[in-house]
Amino acid sequence: MTHTPPQAPEMKELNERASRSQVRITTAHGDIVFHLFPEDAPLHSAAFMKLAEAGFYDGLKFHRVEPGFVVQGGDPKGDGTGGPGYNLKAEFNARPHVRGTVAMARASSPDSAGSQFYICLGDASFLNGQYTVFGQMTEGFDALDAIKRGDAMVSVKTEAADK
């Protein structure tokens, strides 16, 4: 299936919904829940929502786990080289990399993010300003800590936020 980045006509609607939504990643260890930051990373928030709602992430594996640092997933190839078929322009912002931060992984080019994302297991201030932070976990830290390399994202869904 070919995926396309969010286009101008759908950006507003996706980001309005992102501001009222949360993301739920269901794993064998429990659910990981996070809020999106469409005001700080509108393109990345909209792209993540669009991919999640298309079922892109369902069944994908966490292909990278660095204890005390990050868990990373969102690669359809499962080896850290895959993506959705497009790249996103960087939206670096002032959001810090702390435990539970959700940000887009990228290659050496700042504008190379696509579908791969990571969640910080601890503070990683040395990443601040170099990667697009687009979310922050609110629930599921025990599930996050239990993730092992190769564990699957059973499903990744957007839902109304618990406010």
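Only the coordinates and a few stated rules stand behind these numbers; no lab work does. Small disclaimer: the values here were computed from a predicted structure and weren't measured. Cβ sites come from the backbone with ideal geometry, for glycine too, and all protein chains shown count toward neighbours.
Within the range 116-142, residues that are free of Cβ contacts under 8 Å to residues at least 24 places away in the same chain have Cβ atoms under 9 Å from residues that are crowded, with 22+ Cβ neighbours inside 10 Å and not in a loop (DSSP other than H, G, I, E, B) in no pair, counting only partners at least 6 apart in sequence or on another chain. Across the range 2-53, the qualifying residues are those that are of a type in the set (Ser, Thr, Tyr) and surrounded by 17 or more Cβ atoms within 10 Å (Cβ to Cβ), and the one among them that is nearest to residue 115 (Cα to Cα) is 45. Checked against the criterion of being β-branched (Val, Ile, Thr), within 15 Å of residue 27 (Cα to Cα) and crowded, with 17+ Cβ neighbours inside 10 Å, the range 102-114 contains not a single residue that satisfies it. If you filter the range 73-101 down to residues that are under 16 Å from residue 44 (Cα atoms) and hydroxyl-bearing (Ser, Thr, Tyr), you find that the one that is surrounded by the fewest Cβ atoms within 10 Å (Cβ to Cβ) is 86.
For the range 138-151, does any single residue satisfy the condition of being surrounded by 15 or more Cβ atoms within 10 Å (Cβ to Cβ), within 14 Å of the chain's Cα centre (by Cα) and closer than 24 Å to residue 3 by Cα? No.
When residue 58 is tested against (1) crowded, with 17+ Cβ neighbours inside 10 Å; (2) more than 14 Å from residue 33 (Cα to Cα); (3) under 14 Å from the mean Cα position of the chain (by Cα), only condition (1) is not met.
Just the residues that are in a strand (DSSP E or B) and hydroxyl-bearing (Ser, Thr, Tyr), please, taken from the range 122-163. Passing the criteria: 138, 155, 158. Within the range 121-139, the set of residues being closer than 21 Å to residue 107 by Cβ and either acidic (Asp, Glu) or in contact with a helix residue (DSSP H, G or I) (Cβ under 8 Å, 6 or more places away or on another chain) (or both) comprises 132, 134, 135.
Of the strands (runs of 3 or more DSSP E) contained entirely in the range 36-121, those carrying at least 3 residues that are within 23 Å of residue 6 (Cβ to Cβ) fall at 101-104, 117-120.
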